[in-house]
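The values are calculated or read from the model by the stated rules, or taken from the named source; none is laboratory data. Computed from a prediction, not measured in an experiment: that's the story for all the values here. With ideal geometry, Cβ positions are generated from the backbone for all residues, glycine too; neighbour counts draw on all protein chains shown.
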Amino acid sequence: MSQGAGTALPSRGERSFGRGPAPAGRTTRQWLRQGTAAAAVVLILLGALAMWTLSRTASVTSLIVDTRSPAYTQSVLLETALINQETGIRGYGLSGQTQFLGPYTDGLAQEQAAAAELRTLLAGDRTGIADLDAVLARAVVWQQRIATPIAAEPPGAPIALASQRADEGIAEFNAVRAASATEQQNLLTARQAARASLRRIVALGDWVFTAIAIVVSLLTVAVFEGMRRGITTPLGRLSADARRVADGDLDHAIEATGPADLRALAQDVEGMRRRLATELESIDQARRLLDEQAVELRRSNAELEQFAYVASHDLQEPLRKVASFCQLLQRRYADELDEKADQYIAFAVDGANRMQVMINDLLTFSRVGRVHRNLGPVDLEQVFAAAADELSLAVAEAGAQLTHDPLPEVYGDVTQFGMLLRNLIGNAVKFRDPARTPQIHLSATRGDGEWCFAVTDNGIGIGPEYAERVFIIFQRLHTKEAYPGTGIGLALCKKIVEFHGGAIAIDPDRVPGTRITFTLPDTEPSQDEALVDAEAGEAAESGEAGAAEAAEAGVLAGRIAGAGR
């Protein structure tokens, strides 16, 4: 049939879609790297500021605790030591009693200790050292002018020098007090400044840590929002689009959103959707084409069925008349015909009879898969027994030994399996070796999802060069005088086996004799496969048989002419 044959389906190369250029913009990895780097820079800066704040807080705290407060305390102790000295000198000068010199001498020791401690604490503080030197200088003046001379006077009576220098002593000691007050005020001011600096630094630290907390919170929000906008939302859209396509909406386009790599992924999925849509369109187009061809094939099959009916009834009637009138002509004019004419009449009768046999065989061949389609479980033991019973006379005349392995139950048409075994066993009997007792054996072994059968004999055998030719319809390896028949038997076997989903072949290594192997599925086909087989049997198989009928019927006239020569 030529209908629909000109419709060209797109090739695989024409159906393919390239990925196209990579989408511009940053990928998810680049966004993550840049965002992480920016967050790290901000956190490092804030962390450095926080570390500086903590370090500065510790430094100022140490200055207050270890320097400013102890220095102020030592300055107060220094002033107390000087006051003790003044009190002891004044009491000794008024009374002349030596017990008043005790506070004076203790005050001198305390003064030296406090001054030494202050000098250590104020190391590096030029203002504080200057104030200390001023206090000690005023103290030295007072001591040289007042304290030391009075203390050197003999005890026992009031000291006259004390009375004489009373006003001067008061003035000099007031100068000491003033210098000490200045020193203490400066130390107190420095301590208060350090405390104020500590408060500022602590406040700055609070702001820094608050900023760190805010930045961390903002970064967390930014990360989640970025993940939502840049990853989860685009992935969710892509997943929703993909599910919609997977549910059957192949016309729904995949939208590419988000970072570059996710858009590239969406483009790949979109390309796959387009390929699937194109493939589905091609499949639909092929299905429509097959439907058109099936309609045309059914019409053609109907015509071929009509032709088969004509061939089986109307065509055989003229053949019978040709044979009958030839025989009648031979009987009525036997005295007038010579030997050559009798020979020609015999050729015509024989040709007509053989043509009738060939037509019947051809019709039988064409009916495989069309007429006998009672598919179901078939017990090959019973089929073999029935075939052996039908061939019992030929087997007995040949003295053949017919054996078989335990045979399984398979799925198929019992009539066709009977034709298969009758032809295989009949051929083994027909083409026996006269020098040997015919031994025919049917073996059965189970393979991977199929049964493997073999019909083995010890007959004349088939040459390897004819292993394919013997399965072609009407192909004979011997003359009709040597072995009768039309040459359709193995072609019929091949069609039956292939109709049931198997394969048949000649074993070229079998010597002597012939081994014909064939396979059959060991399971019943599914419902879909059975439906496909039924449609194929109705269309393709019957079409093939009808085409064979038409072709062979056209050749039969030539065959008859050749038979008469």
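Things to note:
- Condition check for PHE173: assigned to a helix (DSSP H, G or I), over 60 Å from the mean Cα position of the chain (by Cα) and of a type in the set (Phe, Trp, Tyr): yes
- Test result for ALA222, over 18 Å from ARG275 (Cα atoms), out of contact with any Asp or Glu (no Cβ under 6 Å at 6 or more places or on another chain) and surrounded by fewer than 12 Cβ atoms within 10 Å (Cβ to Cβ): no
- Restricting attention to the stretch 106-128, the residues that are without any contact (Cβ under 8 Å) to a residue 40 or more places away in the chain, closer than 21 Å to ILE83 by Cα and among the hydrophobic types (A, V, I, L, M, F, W, C) add up to 5.
- Any hit, the stretch 68-75, residues being among the hydrophobic types (A, V, I, L, M, F, W, C), free of Cβ contacts under 8 Å to residues at least 40 places away in the same chain and either touching a helix residue (DSSP H, G or I) at 6+ places or on another chain (Cβ under 8 Å) or over 30 Å from GLU225 (Cα atoms) (or both): no
- Positions within the stretch 371-401 being crowded, with 17+ Cβ neighbours inside 10 Å and either in contact with a His (Cβ under 8 Å, 6 or more places away or on another chain) or among the β-branched types (Val, Ile, Thr) (or both), in sequence order: VAL378, VAL383, PHE384, VAL395
- Looking across the stretch 157-192 at every residue that is crowded, with 20+ Cβ neighbours inside 10 Å and touching an Asp or Glu at 6+ places or on another chain (Cβ under 6 Å), the one that is farthest from ALA123 (Cα to Cα) is identified as ILE159.
- Selection status of ASP249, surrounded by 14 or more Cβ atoms within 10 Å (Cβ to Cβ), among the acidic types (Asp, Glu), modelled with pLDDT under 85 and over 30 Å from ILE44 (Cα atoms): no
- Filter pass, ALA157 being assigned by TED's automatic domain parsing to the domain that holds VAL76 and part of a helix (DSSP H, G or I): no
- Among the residues here, VAL470 qualifies as assigned to a helix (DSSP H, G or I) and either touching a residue at least 24 places away in the same chain (Cβ under 8 Å) or over 25 Å from ASN374 (Cβ atoms) (or both).
- Selection within the stretch 391-424 - part of a strand (DSSP E or B) and closer than 15 Å to GLY501 by Cα: VAL410, TYR411, GLY412, ASP413
- Some residue of the stretch 475-491 being in the same structural domain as LEU375 (by TED's automatic domain parsing), closer than 27 Å to GLN401 by Cβ and at pLDDT 80 or above: yes
- Checking the stretch 24-47 against the condition returns a match, with at least one residue being under 30 Å from ALA222 (Cα atoms), part of a loop (DSSP other than H, G, I, E, B) and either modelled with pLDDT of 85 or more or out of contact with any Pro (no Cβ under 8 Å at 6 or more places or on another chain) (or both).
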